[in-house]
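In what follows, a single structure is set out as structure tokens and then discussed.
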Amino acid sequence: MKRHALATLAVVAGALCAARPASAQGVEARSRPSVATAADSALEAQTTAVASTLRCPVCQGESLQDSPSDLARQMRAVVRDKLRAGETPDEVRAYFVSKYGEWILLEPTMTGLNILLYFIPVLLVIGGLVLVAFLVRRWTAPESTTP
Amino acid sequence: MIDLLAHNALLVSLAAVAFGAILTPVTIRTGRREWLQLVYGAVYANFLLVSIAAVSMVVALVTHDFSVSYVAQVGSRSTPLLFTVISLWGALEGSILFWAWVLGLYSAAVVALHRRRLGNLVPYAVMTLLAVAAFFAILLVGPADPFLPVFPVPADGPGPNTLLQNHYLMAVHPPLLYLGYVGMSVPFAFALGAIFSNEAASNDWSILSRRWMLTSWGFLSAAIIAGMWWSYEVLGWGGYWAWDPVENASFLPWLTATAYLHSVMVQERRNMLRLWTLNLCVATFVLTILGTFLTRSGILSSVHAFTTGAIGYYFLAFIAIVLVTTLMLVAGNSERIQTKGKLGGAASRETVFLLNNLFLTAVMLTVLVGTLYPLVAEAVRGVKVSVGVPFFNRMALPAMVSLLFLMGVGPALPWGSTTWADARKRLYPPGIAAMILGAIAVIAGARSVYAILAFAFVGYAAMSNVREFWIGMRARHRAHGESWPTALVRLVAGNRRRYGGYVAHIGVLLIALGITASSTFRSEREATLTPGQTLTVAGHTVRLKNLWGREEPQRSVIGATMDVVGKNGAIIGTMEPRMNYYRVSDQPVPTPAVRSSITGDLYVNLMAFESSGANATVKVIVEPFVPWIWFGGLVIVIGAIIGLGYGGRSATAPAPATNPAPSIASADS
Amino acid sequence: MNWKRAAIAVLAAAPLIALFAYGFSRDPAEIPSPLPGHAAPEFTLAVFAPGEGPLMRPLGDTVRLGALVGKVVVVNFWASWCGPCRAEHAGLSETARQYVGKPVRFIGVLYNDGAAAASDWITQMGGQSYPAVMDLGSVTAIDYGVYGVPETYIVDASGRIAYKYVGPIPPSVLRQWIDSLLPNATATGMMPLAVVR
């Protein structure tokens, strides 16, 4: 997005930009972001929901929804267009997986090895609750059981 | 010149800490305790030497001495003085130097405060600290040497990482984080010292170490909040927590430290959970090292990953040594440390503490597993996967919401035991508060089950904790006729540990409220505006006035001036979201404008703009209650400071008459 | 000291340490593309920089990938604001010239950039032998799973993506890959694979 700054520095701020090497052209052809309209708030909500589960490729761990980068914005537009065309959220996600790999999903699918990821915490909590119940029972038992 | 001085200081400090660490067991085995003065001398010498190195680095940075490798890497003549000074921790080598300095500071403080104590606990704890210091000293004279000579000397440098020089919070967050992280070496050192000196079966080591843990915990809490604030102010998406590996790395030891602060109370009162508490102590330290390793070695991709290289292998070796040594020591001595537990009854604060420890540990393990899973998936399946926000929210939120609930139950229940009827009576007022807050949340439009539960439990726990103050104050007011403020002060002063804890609870609740409200009731819109056009989000209207550019020595700034328009059309304020283009980076650093009030923030970020100044694309986010998070952080720190005070023995005072606690005298040998 | 317990505990730590050691052999920034081996996504994009000589396509003409079946197509994503793109530009342009007369086509797809800035850049860089097209809204880039620029995809005669290269592509690699896909190539036996910088 450097180019926009260069351009603006040159045009808006006058001769401020002397230190910068490049010149200030070509911004006019840039596509404007596809801006959310309130007209279809259901579509917008669905876009937000899907975009929140996809990872922005040029950021660090941010979702498409959160990232201010150009690519994330364009990918959100693709999400919106596909949803508008009648694709289901899962189909949209599958499209991005086919292009970028599983990496793009911020939440791993509940299949194969990934199941462990979801079950280990649940098992830990259940096991922990059983253990606590057991310990409390034993520790509150009448004196005779403790040596 | 200065680099030579500093480099030699670091070499001597390595020799000093190695000497001290080796001399300690010799001293104890041979019974020549007078030699301990040498060990303690080594600790002070190390602190002095590392201080010389750190000050040298600051001097080199400030004087732009580009013949020093670290200065050539992060310095720049155009960087403002504040950011030049704080670039001390802006990159890998400097941050390790700073780490070593903080560790030196803590070690010297431990020696100064505890050296007169009899027995071998303190010497062995000091030995452990020296061993850890030796690792960082090795890094500093080896792979992370910040004082390497550069030739030819460059005329100027690139300046610090742009993200780090964009906000003054970078002067606050890293030092707090290091004070928290490194401070957790001290309780760890006491834990290992207790094992080495055969004192692990006594309460002494935890009485010594718990204040160090509370201190570090306070710093770490503040650091986490400051880090959230920084990312809120700099990253431009209106969020403060993204479950990034580095955020997780700071959160993991916080969770175990919090669990420790609770379980240590049970240990002291009931003479139980001894092994568990020791494990938490050790785990906290291991997690600080693990977190540093994961995020600094480049093994996981993160905002903060500095570099890959030889230093990663040193960290790997260190982590292997730490893990193997501590696991061996703790497991090998576990039979001697373990004690039989005894509870007064199931309906007691102890039970709640057990559950609290369970859920804190569960959150910790969930976050740890989620953070490491991409590595596991790649190793096993050969596929890169991401584990991000949706996963952590889904998996960690239930346990975190449960913890909010427990925060209300714990303070309401007495130590020892009570009847279920009494417990019900005690939990009645919080229950009412829960229903009220839950109902308000539903009326306000919350629909997610977790959000409603979180609001309800915040109300529940807030009532419960505030009621503790109320009950205590009322008792003093009635019994001694004290005025309410006097009653409050004397109440807290009489049992600082207990009431400090409640204050910290209230801080956590403020944060929970801020997080729940801001994520539930957040509204945002993005639009392209021409000057004069307005955008309204959730009742807040902003109008684009104009776009401007400004040249500063280290950066170019593009800003949009936005008027905040009140209900009647009058201008009630101005906001200037900016994009900062640093000379050294292609990526602009967004600098959103935030307008805070007690009910929430208006957050405006400049997303894009037309070169002619004809229009600007802005994102406007309305986030209720965000400032409560920062305020809650402050309250936690106040709680920690209160809890650190020497509140006498009353921390263990009102023992229940129904069920006397088992004698702990035998353990205090 | 109970050595048996100690040993068990240490064994429990071993997988964790092994996992970290394994982590060092991987680069977290390196994400393999799922595309090689699959049909290349279709695109129809407008030419904004015509190219030179025999490779020229008139301004305003459109390039449709589907119309190039039977030819090896090199699709290069680039931008004028991208530093590394400067490094590969001369090599790409020259390689395209070397394959004039062979069933090989080069297409430069502009990524998040303006036509005027990009045309200026081409002039600055001393021209470009093959045509460049405009990808509004990065729809094609997203279809190709582009992370950043430069990235280069090589489509074989059957319309399947054979290779992907991330970063400035060295001419030697480019030639080797193109040759391996041309019908009269000496069988290299090389399996198509994604090569990441």
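Looking at (1) surrounded by fewer than 23 Cβ atoms within 10 Å (Cβ to Cβ); (2) more than 22 Å from residue B:193 (Cα to Cα), which is the one condition that is false for residue B:38? With (1) surrounded by fewer than 23 Cβ atoms within 10 Å (Cβ to Cβ); (2) more than 22 Å from residue B:193 (Cα to Cα) applied to residue B:38, the lone miss is (2).
Residues that are within 20 Å of residue B:91 (Cβ to Cβ) and at pLDDT 90 or above within region B:268-313 comprise B:288, B:289, listed in sequence order.
Checking each residue of region B:585-597 against the condition of being in contact with a strand residue (DSSP E or B) (Cβ under 9 Å, 6 or more places away or on another chain) and acidic (Asp, Glu) gives no match.
Looking at region A:88-100, is at least one residue acidic (Asp, Glu) and at the interface with chain B (Cβ under 9 Å from one of its Cβ atoms)?
no
Take the conditions over 21 Å from residue C:166 (Cβ atoms) and either out of contact with any strand residue (DSSP E or B) (no Cβ under 6 Å at 6 or more places or on another chain) or polar (S, T, N, Q) (or both) and apply them to residue C:139. Does it pass? No: the conditions fail for residue C:139. The condition of being over 14 Å from residue B:233 (Cβ atoms), charged (D, E, K, R) and surrounded by fewer than 23 Cβ atoms within 10 Å (Cβ to Cβ) holds for only one of B:595, B:583, that being B:583.
When restricted to residues that are within 26 Å of the chain's Cα centre (by Cα) and surrounded by fewer than 21 Cβ atoms within 10 Å (Cβ to Cβ), region B:142-161 contains 1. Is it fair to say residue C:28 is farther than 25 Å from residue C:171 by Cβ and in contact with a Ser or Thr (Cβ under 6 Å, 6 or more places away or on another chain)? When the stated conditions are applied, residue C:28 passes them.
Looking across region A:59-89 at every residue that is touching a Gly at 6+ places or on another chain (Cβ under 7 Å) and part of a helix (DSSP H, G or I), the one that is farthest from residue B:300 (Cα to Cα) is identified as A:77.
Note on region B:364-401: residues that are more than 7 Å from chain A (Cβ to nearest Cβ), under 23 Å from the mean Cα position of the chain (by Cα) and hydrophobic (A, V, I, L, M, F, W, C) amount to 9.
For residue A:14, the stated conditions hold: it is on the phi > 0 side of the Ramachandran plot, more than 14 Å from chain C (Cβ to nearest Cβ) and modelled with pLDDT under 90.
The criterion of at least 1 residues that are farther than 20 Å from residue C:12 by Cβ and free of Cβ contacts under 8 Å to residues at least 24 places away in the same chain is met, among helices (runs of 4 or more DSSP H) falling completely within region B:323-433, by B:349-381, B:389-412, B:420-426. Just a yes or no: is a residue in region B:531-540 in contact (Cβ under 8 Å) with a residue 12 or more places away in the chain and in contact with a Cys (Cβ under 9 Å, 6 or more places away or on another chain)? No: zero hits.
Within region B:322-352, the set of residues being at the interface with chain C (Cβ under 10 Å from one of its Cβ atoms) and either over 24 Å from residue A:134 (Cβ atoms) or over 30 Å from the mean Cα position of the chain (by Cα) (or both) comprises B:322, B:323, B:324, B:325, B:326, B:327, B:328, B:329, B:332, B:333, B:335, B:336. Checking every residue in region B:591-610 against the condition of being at the interface with chain A (Cβ under 9 Å from one of its Cβ atoms) and over 36 Å from the mean Cα position of the chain (by Cα) gives at least one match.
Here residue B:212 passes the criteria (1) over 15 Å from the mean Cα position of the chain (by Cα); (2) assigned to a helix (DSSP H, G or I) except the one numbered (1).
Residues that are in contact with a Lys or Arg (Cβ under 9 Å, 6 or more places away or on another chain) and either under 21 Å from residue B:371 (Cα atoms) or surrounded by fewer than 21 Cβ atoms within 10 Å (Cβ to Cβ) (or both) within region A:37-64 comprise A:38, A:40, A:43, A:44, A:46, A:48, A:53, A:54, A:61, A:62, A:63, A:64, listed in sequence order.
So which residues in region B:234-251 are in contact (Cβ under 8 Å) with a residue 40 or more places away in the chain, within 14 Å of chain A (Cβ to nearest Cβ) and assigned to a helix (DSSP H, G or I)? Hits for region B:234-251 are B:234, B:245, B:246, B:248, B:249. Among the residues of region B:282-293, are any more than 14 Å from chain C (Cβ to nearest Cβ), in a helix (DSSP H, G or I), buried (at least 21 other Cβ atoms within 10 Å of the Cβ) and not hydroxyl-bearing (Ser, Thr, Tyr)? Yes, the conditions are met somewhere in region B:282-293.
Hey, any hits in region A:90-102 for a residue that's over 30 Å from residue B:577 (Cα atoms), β-branched (Val, Ile, Thr) and part of a helix (DSSP H, G or I)? Yes, the conditions are met somewhere in region A:90-102. Among the residues of region B:531-547, some residue qualifies, meaning at least one is assigned to a loop (DSSP other than H, G, I, E, B), within 12 Å of chain A (Cβ to nearest Cβ), in contact with a Leu (Cβ under 9 Å, 6 or more places away or on another chain) and within 30 Å of residue A:47 (Cα to Cα). Counting the residues of region C:136-154 that are closer than 24 Å to residue C:53 by Cβ and in contact with a helix residue (DSSP H, G or I) (Cβ under 7 Å, 6 or more places away or on another chain) gives 2.
The values are calculated or read from the model by the stated rules, or taken from the named source; none is laboratory data. This structure is a prediction, so every number in the text was calculated from the model and none was measured. Glycine also receives a Cβ, built like all others from the backbone with ideal geometry; neighbour counts cover every protein chain displayed.
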